[in-house]
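The values are calculated or read from the model by the stated rules, or taken from the named source; none is laboratory data. Since we're looking at a predicted model, the values are computed, not measured. With ideal geometry, Cβ positions are generated from the backbone for all residues, glycine too; neighbour counts draw on all protein chains shown. Just so you know, the surface numbers come from the protein's heavy atoms only, side chains and all, with ligands and any DNA or RNA stripped out. Shrake-Rupley method; radii C 1.70, N 1.55, O 1.52, S 1.80 Å.
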Protein chains: 2
Amino acid sequence: LELGIGDDAAVLAVHSKRLVCSIDASLEGVHFDLKWLTLGEAAARALVAAVSDLAAMGSKPVAALVNLEVPPGAALADFDAIGVGQRRAGRVMGCPIIGGNIVRGSRWGFTTSVMGSAGRVIRRDGARPGDEIWLAGHSGLARVGLTLLQRGSAIEELPKALQRAAKLCLRNWKVPVARLEEGARLVGKATALVDVSDGLSSELRHIAEASGVRAVVHSDALLATLDSPVQRLITWLGLDPLEVLLAGGEDYALLAAGPAAARPAFVHVVGEVRRGQGAYVATPGGLHRLATGFDHLRSG
Amino acid sequence: LELGIGDDAAVLAVHSKRLVCSIDASLEGVHFDLKWLTLGEAAARALVAAVSDLAAMGSKPVAALVNLEVPPGAALADFDAIGVGQRRAGRVMGCPIIGGNIVRGSRWGFTTSVMGSAGRVIRRDGARPGDEIWLAGHSGLARVGLTLLQRGSAIEELPKALQRAAKLCLRNWKVPVARLEEGARLVGKATALVDVSDGLSSELRHIAEASGVRAVVHSDALLATLDSPVQRLITWLGLDPLEVLLAGGEDYALLAAGPAAARPAFVHVVGEVRRGQGAYVATPGGLHRLATGFDHLRSG
């Protein structure tokens, strides 16, 4: 065992080759609602969420195992739909499902164990004062998509100018992508790496805590990662764009730290690492500590 | 990938070393009730059930990952109890939990992914006509224990002469053992191997179907695997001993096929493999086909 509990995935040495493994659950009523997703989409999304933990290590998927919980009254067509969704997602990511288990339960549930290979992995505990904070991908779009679904807002009922941004946000929530290529390309460059599944501010806290540093993101740099139509949609929905960016998870963006000299072209610089501790957002109004849960902005 | 879906576990070649992996779920309200088990026992039992799939391949555990579903109102002490139970079971089996995930859900649930190593594995599809059917461990005791729990029968309310057998049966259900040593010692001897988790008759069908043979167990040989106090307890409970033996799962016994010349000392011979198809039980009254579900005895 080279790396155990506490990172995005565990690392196991098997002879000369490292095996990276992780487990993740996606449960009906907790993580998704079948009013919002087809079963095939839910199955694909569950696999992407699990594989994203491999991306967050800079690892390449090898295989997945899925435990499927099935509610009463499931039909044969449901299993077909799940199989189609899983195979499609697995093919895109190069991650075949090599085993599984089916349990008669009370709702649909996908618990996915993934294994990946890696020459060298990127942990979350290596950020150093002076590093930049990098974002690969977007944060917040999936949360806007989820808000649209939760409110039952149909695309065609939105102002014309917002419809395209709404579609993008819905797609980000429904059909997320595991950033495997970016993760692999960060190996040897990033000093710390996580995937954003539980919200950017809590992932930033994870890097700060594990690395024993202060991680500071800049509100203007974060806001600059959002296209203006998306910003307008967020405002139209009555949400605060910075709150959405910081709370947003499920886009499966990658959040990294690394020295400016090593910065790859595909990342946004959104902050920096300082001596100290805690995760902070720097706004024109001052420095705010990013606390737990959804109570994000706390003076400090 | 050397062996995928359809056996007890999947086999992955990682350089020169095989990795055997499997996933299994144990859910409150489906697989256990907290009236019958402490949380620590439930956690340990879930790990044993998952590791038993490695025993069923003749593989040695390497590590496990656990997805823990937590109901509302869980206390910190609950997590402590789970950790104690998991560590104890993991230590006994040489299977550390190297990663995990926690999900806020609606009940307690343990979904466990296990990885094992193996030089050579035992599949379920190699049984040949002329082989014997072997049972390592017991079948049915856990089911008797579960019946006692479901009926709310307290040990001290039972006739004195049955109390020891009842304790044994309760222990078999509450604290099952993964037969890792027996599994490993069957490598090179057994032609097919499964663990009995879903009932002996359905596991026998799996061997017969996968191997393309007829698998026949003998009622007298099966009944001889039960101590007479246990047989008396079964009768006292109004159950049929043969039914209990055939339907019994969750003892995590191993069921194998293999040639008489290779038979190890620790197995009971309970039947034989013939040309043909299907799983059967031979009773003094004739040959009965073992059908699906709990409708076990069907003439054929």
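Remarks
- Peptide B:104-111 has a mean shielding of 5, counted as Cβ atoms of other protein chains within 10 Å of each residue's Cβ.
- Placing a pseudo-label 7 Å from each Cα along the Cα-to-Cβ vector at A:ALA74 and B:LEU287 gives an inter-label distance of 3.6 nm.
- Within the listed set B:GLY126, B:GLY285, B:GLY85, the residue fluctuating most in the Gaussian network model of chain B (springs between alpha-carbon atoms under 10 angstrom) is B:GLY285.
- Percentage relative contact order, chain B, counting C-alpha pairs under 8 Å, at least six apart: 22
- For the pair A and B, total buried accessible area rounded to nearest 100 Å², probe 1.4 Å: 2600
- The charge dipole of the stretch B:58-109, taken about its Cα centre with unit charges on the Cβ atoms of Lys, Arg (+1), Asp and Glu (-1) only, comes to about 180 debye.
- Theoretical gain in end-to-end length, B:SER106 to B:ALA161 [0.36 nm per residue, Cα-Cα removed]: 15.6 nm
- Efficiency of FRET between A:SER228 and A:SER117 - r from beta-carbon atoms, R0 51 angstrom, step 0.05: 0.80
- At least 10 Å² of accessible area lost relative to the chain alone, listed for the stretch A:39-67 with a 1.4 Å probe: A:VAL62, A:LEU65, A:ASN67
- For chain A, built as a Gaussian network whose Cα springs stay under 10 Å, the top-fluctuating residue of A:TRP134, A:TRP108, A:TRP173: A:TRP108
- Taken as Cα centroids, the stretch A:105-176 and the stretch A:233-288 sit 14 Å apart, rounded to the nearest whole angstrom.
- Note on B:21-30: average number of Cβ atoms from other chains within 10 Å of each residue's Cβ is 6.
- In plain terms, the bigger the Kirkwood radius, the slower the diffusion; for the protein assembly as shown, with that radius from Cα pairs, at 20 °C and 1.002 mPa s, Stokes-Einstein puts D at 83 µm²/s.
- Highest GNM mean-square fluctuation among A:ARG104, A:ARG124, A:ARG289, for chain A modelled with Cα contacts below 10 Å: A:ARG104.
- Cross-link pairs beyond the 27 Å C-alpha cut-off, checked among B:LYS167/B:LYS189; A:LYS35/A:LYS160; B:LYS35/B:LYS60; A:LYS60/B:LYS189: B:LYS167/B:LYS189; B:LYS35/B:LYS60; A:LYS60/B:LYS189
- Our coupling estimate for the stretch A:173-187, obtained by passing each phi through the Karplus curve with A = 6.51, B = -1.76, C = 1.60 and θ = phi - 60°, is 7, 6, 10, x, 10, 7, 8, 5, 5, 4, x, 5, 6, 7, 5 Hz, Gly and Pro reported as x.
- Between B:ALA75, B:ALA49, B:SER139, the Cα set farthest toward the positive side of the dipole of the stretch B:38-190 (charges on each charged residue's Cβ, about the Cα centre) is that of B:SER139.
- Sequence-separation-based contact order of the stretch A:130-252, relative, with Cα cut under 8 Å and 6+ spacing, percent: 44
- Protection proxy ranking of A:59-72, A:217-230 - average other beta-carbon atoms within 10 Å, highest first: A:59-72, A:217-230
- Potential extension, A:TRP236-A:ARG263 segment - 0.36 nm per residue separation minus Cα distance: 6.3 nm
- Neighbours of B:CYS95, meaning other residues whose beta-carbon lies under 13 angstrom from its beta-carbon, give a summed charge of +2 when Lys and Arg score +1 and Asp and Glu score -1.
- Taking the stretch A:50-99 and dividing mean pair separation by its residue count, relative contact order in percent (alpha carbons under 8 Å, at least six apart): 52
- Estimated inter-spin distance, B:THR38 and A:GLN150, nm [label 7 Å along Cα→Cβ]: 3.9
- Computed with a 1.4 Å probe over protein heavy atoms only, the accessible surface of the protein assembly as shown comes to 41 Å² per residue.
- Extension reserve of the A:GLN277-A:ARG88 stretch, reckoned as 0.36 nm per residue once the Cα distance is removed: 63.8 nm
- Between copies, the label points of A:GLY94, set 7 Å from Cα on the Cα→Cβ line, lie 3.4 nm apart, reported in increasing order to one decimal in nanometres.
- Inter-centroid distance (Cα atoms) of the stretch A:18-69 relative to the stretch B:192-216, Å: 32
- Ratio of the Cα radius of gyration of chain A to 2.2 N^0.38 Å, where N counts its residues: 1.00
- Share of carbon and sulfur in the accessible heavy-atom surface of the protein assembly as shown [1.4 Å probe, %]: 50
- Mean ellipticity per residue at 222 nm, deg cm²/dmol - from DSSP H runs of n ≥ 4 across chain A, formula -39500 (n - 2.57): -10500 deg cm²/dmol
- Only the Cβ atoms of Lys and Arg (+1) and of Asp and Glu (-1) were treated as charged; on that basis the dipole of the protein assembly as shown about its Cα centre amounts to roughly 940 debye.
- Average partner coverage of A:91-103, which counts Cβ from other chains inside 10 Å: 4
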